1. How about the range 570-588: which of its residues are closer than 19 Å to Gly57 by Cα and open to solvent by less than 30 Å² (accessible area, probe 1.4 Å)?
2. Pairs only if they're at least six apart or on different chains, beta carbon under 7 angstrom, first in the range 413-432 and under 16 Å from Arg496 (Cβ atoms), second of a type in the set (Asp, Glu); list them, first residue then second.
3. Being within 30 Å of Glu544 (Cβ to Cβ), open to solvent by 50 Å² or more (accessible area, probe 1.4 Å) and in contact (Cβ under 8 Å) with a residue 12 or more places away in the chain: is that true of Asp469 here?
4. When you check Ala433 against the structure, is it open to solvent by less than 20 Å² (accessible area, probe 1.4 Å) and either in a loop (DSSP other than H, G, I, E, B) or farther than 26 Å from Lys160 by Cβ (or both), yes or no?
5. Taking only the range 99-151 into account, find how many residues are β-branched (Val, Ile, Thr) and surrounded by 15 or more Cβ atoms within 10 Å (Cβ to Cβ).
6. Is it fair to say Leu611 is open to solvent by less than 20 Å² (accessible area, probe 1.4 Å), aliphatic (A, V, I, L, M) and over 17 Å from the mean Cα position of the chain (by Cα)?
7. Among the residues of the range 180-210, what is the count of those that are open to solvent by 30 Å² or more (accessible area, probe 1.4 Å), more than 14 Å from Ile151 (Cα to Cα) and part of a loop (DSSP other than H, G, I, E, B)?
8. Please list, ordered by first then second residue, the pairs with beta carbon atoms under 8 Å, 6 or more apart or interchain, first in the range 596-614 and closer than 18 Å to Ala325 by Cα, second among the acidic types (Asp, Glu).
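The values are calculated or read from the model by the stated rules, or taken from the named source; none is laboratory data. These numbers come from a predicted model, not from an experiment. Reconstructed Cβ throughout: ideal geometry from the backbone, glycine too, with neighbour counts over all protein chains shown. Surface areas here come from the heavy atoms of the whole protein model, side chains and all, with no ligands, DNA or RNA. Shrake-Rupley method; radii C 1.70, N 1.55, O 1.52, S 1.80 Å.
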Amino acid sequence: MSDPFELGETPEHTAPQSGGDGARPNAKPRHLLGLNESQLEAVENIDGPVLVLAGAGTGKTRVLTTRLAHILMERKARPGEMLAVTFTNKAAREMQERVANVLGTSVEGWWVGTFHALGARMLRRNAELVGLKPNFTIIDTDDQLRLIKQILLAREIDVKRWPPRSFLFAIQGWKDRAMEPDEVPPGEVMDAVGGDALDVYVDYQARLRAVNAADFGDLLMHAVKVLQKNPDVLAYYQNRFRYILVDEYQDTNAAQYMWLKLLAKNHKNICCVGDDDQSIYSWRGADVGNILSFEADFPGARIVRLERNYRSTPHILGAASGLIANNEGRLGKTLWTDIDDGEKVRTHGVLDSGLEARFIGDEIEMRQRKKENLSSMAILVRTSAQTREFEERLITLGIAYQVIGGLRFYERREIRDAVAYLRVISSPDDDLAFERIVNFPKRGIGEAAMQTIHVHARARKIPLTAAIDELIITDELRPAPRKALAALMSDFSRWRQSALELPPAELCDLVIKESGIIEHWKMDKSIEAPGRIDNLKEMVVGLEQFDSLQNFLEHVSLVMENEENKNTDKLSIMTMHAAKGLEFDTVFLPGWEEGLFPHQRSLDEAGTEGLEEERRLAYVALTRAKKRALVTSAASRRLFGQWQSALPSRFLDELPEQHTERSDLGEAGGVMMDDFIPTRQQRRGPTINGRKESVAYRQVSNAGDNGDLEIGQRVFHQKFGYGRICGLDGDKLEVDFEKAGQKKVMASFVEQV
């Protein structure tokens, strides 16, 4: 590569930056053309600490890449003297490509990449200082869990009561804060996994060193310790990296923050780009306090606010800005644009979540008729469990869609497992489904036992379940797997009998509980586990619309086969978290109800901080929209298998009136919405850390209790409408509905009229 100081030797690049009167000359360097005043300030102020508060859609990527190129063109540093940190490999590649385009040549020898990639690069050069060799292996999650399980077994810790993943979760949390075992506070030790986590952490680190390995948490933690404990190494890197640039600074955790602060301590030529209003990953260890304390960490820092938005209309920006202004923990900025006003943010209330899916489906069809591409539209949900009703509706309408950042509902692991159980109940000959769940949850049925079963099944030309029925009364199998298989066959026999008597939804609920699927995910301490449980409960809700198990399984098969050509124009469905960094002309935002959004778990676990992060998530969701945003809420929603009344989200009240068009009083199903929507005074006030300041959801009636219901009583069902009870059997009712005819329903799903 050519010397970077040879770049930009044309008169154009060597022109002075300003005239004698302070006015900028016409012969502006080419790479600075088109930058607005704030962007230019962020690019040209090279020396000293700079924090760039880059609002959504304000061109931060261009600022980052132009700043890198500008440092090279100003001969302030060579590529090898610059450190540029991103959060994804894609962002790192894009940064390199854009700088190369600006310079007109490729750049080599500089340090640009993710925190983990750069940490690994630094660690390989100093591995001996932390007890490793330079060729150490970086292990993945599966290897981590396997190693922890070995340690638990050696310590005689019950892995069923205390799963390896729960220990891994605790260890990762400590590593995210750069805490080695001897630095963990005593109070945290007793709170983590029955008090054994620290001992397991000690053994785990010793085992990693013994096999010359590191996990992803080690890459930054070890790098921090190398710098803290070796002044000569710290001085080397501080002198080497004359300029440091960091993208998405609001998403840094404690270890990343410490690493950056150590490297920038002397020269302080650090530029961090981020948005405190878009800090939405605390569950991954991100600490919004890092960006909020930048001025305290680097006294005299220049704060540059990028507030001119190039993406959204004034109404969308006004609504988002008014909403986020309710947060106290922010540095503050106000987005603006010179785009035409456009449409106001629409809010719309419906009776239930089913009508919500229909309403949004109708809106999508209407936009299609106006020749808008599906790819320009997106549905953004708070939790992945919400996608099912929208997927079902879009399939019914024949609208092509894709789930971004996750699997389609029926492709998710926990759903496929539950469906596999139902397939075996419906068809004992379904070997593929049976093999999927024969040892899930774990029953001690290993490969040797399965091989014996397969050999017998092939020899007799019978299904696996039939082979097991024959083998469990012989001695071919060892006692432990024979006993486990006998219990499983007994379960399936009982479930098949229940399938003759119970509606599909109740059968599914019974199976996922008795099989141990729900308990398995309750014991799993991973971040994904609560969402998997919610998805399973949502699956039970979905079965309510099917008259038979066979009809449901046929429906699932059709859904799984509904894979259009990859080049087909598709609408996108994703969670709000997955939408960060994306943009669409039209964004649909369903489920804005207390308890769902803001999510009750966030309020319970993090109090006011959790509420403010939920509000930041709402801000991110709104600012994904370029032209229009439609926010919906339902007066009733199925949660955890129960119909529950929902209060509209407090975030709806926080949207400024001048930027919002409200249509909450629409008529649906012959009932006026104003009969279901409480006043602002009724729905205001958070439920935080157990302090009941409002009710997020209220249950219609308790499961298993038919209350004062009696034959002849007129009732209302959210799906079937109005009817009269013609039969009672405990918590099960027979109701003669006015439009749907006679149906069997649960007492908990009806309201007295």
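1. Met576, Ala579, Phe584, Thr586, Val587, Phe588
2. Correct list of pairs: Arg423/Asp430; Val424/Asp430.
3. On the way: within 30 Å of Glu544 (Cβ to Cβ): no; open to solvent by 50 Å² or more (accessible area, probe 1.4 Å): yes; in contact (Cβ under 8 Å) with a residue 12 or more places away in the chain: yes.
No: the conditions fail for Asp469.
4. Working: open to solvent by less than 20 Å² (accessible area, probe 1.4 Å): yes; either in a loop (DSSP other than H, G, I, E, B) or farther than 26 Å from Lys160 by Cβ (or both): no.
When the stated conditions are applied, Ala433 does not pass them.
5. Applying the first criterion (β-branched (Val, Ile, Thr)) to the range 99-151 yields 99, 102, 105, 107, 112, 114, 130, 137-139, 141, 148, 151.
Narrowing the set further to residues that are surrounded by 15 or more Cβ atoms within 10 Å (Cβ to Cβ) leaves 99, 102, 107, 112, 114, 130, 139, 148, 151.
Residues that pass the stated criteria total 9.
6. Details: open to solvent by less than 20 Å² (accessible area, probe 1.4 Å): yes; aliphatic (A, V, I, L, M): yes; over 17 Å from the mean Cα position of the chain (by Cα): no.
Taking the combined requirement at face value, the residue does not satisfy it.
7. 1
8. Within 8 Å, the pairs are Phe597/Glu614; Pro598/Glu614; Gly610/Asp604; Glu612/Glu328.
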